[in-house]
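What follows is a set of notes on a single structure, which appears directly below.
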Amino acid sequence: MKKIVLLIMVVAIAVAFNEQISKEKNVYIMVGAILVFMFGMMRLSAKTPSKNQDKKEEHDN
C-alpha cells in the first residue's frame, strides 16, 4: 500500500510540474495535483509516531 501511495504522489508531482511549465495553465489540475500530494503525505505520515508520544511513554514507566 505504501508503494502505491508513493507512486500516486510521484505522478501528482509530475502532473503539477508539467502543468506549471505549460503555456495554458489550468488551475484546477494544479489544485487537484496538490490535493492528491497532500493526501498522500497525510497517509504516509499518519504511521509515524510523534515525539510527544515517546515522552509520554517514558514518564509512564
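Each value in this text was obtained by applying a stated rule to the coordinates, not by laboratory testing. What you see is a predicted model; the values in this text were computed from it and never measured. Quick reminder, even Gly has a Cβ in these numbers, built from the backbone with ideal geometry, and neighbours come from all protein chains shown.
Could you order the peptides 5-16, 20-31 from most to least packed, using the average number of other C-beta atoms within 10 Å per residue? Please list the in-between numbers first.
Numbers: 5-16: 14.9, 20-31: 9.3.
Going by the mean number of other Cβ atoms within 10 Å, highest first, we get 5-16, 20-31.
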*Would you indicate which of (1) 34, 11, 4; (2) 36, 12, 7; (3) 34, 16, 5 is the value of semi-axes √(5λ) of the Cα gyration tensor in Å derived from the coordinates of this structure?*
(2)
*asked:* How far apart, in nanometres, would the label points at Phe39 and Ser22 be if each is projected 7 angstrom from Cα along the Cα-to-Cβ direction?
replied: 2.0 nm
*Could you give the angle, 0 to 90 degrees to the nearest 10, between helix 27-45's Cα long axis and the longest principal axis of the Cα atoms of the chain?*
20 degrees
*Could you compute the FRET efficiency for Ser50 and Ile8, with r as their C-beta to C-beta distance and R0 at 30 Å, rounded to 0.05?*
0.75
_As I understand it, the value is the acute angle between the Cα axis of helix 2-21 and the longest principal axis of the Cα atoms of the chain; what does it come to in degrees, rounded to 10?_
40 degrees
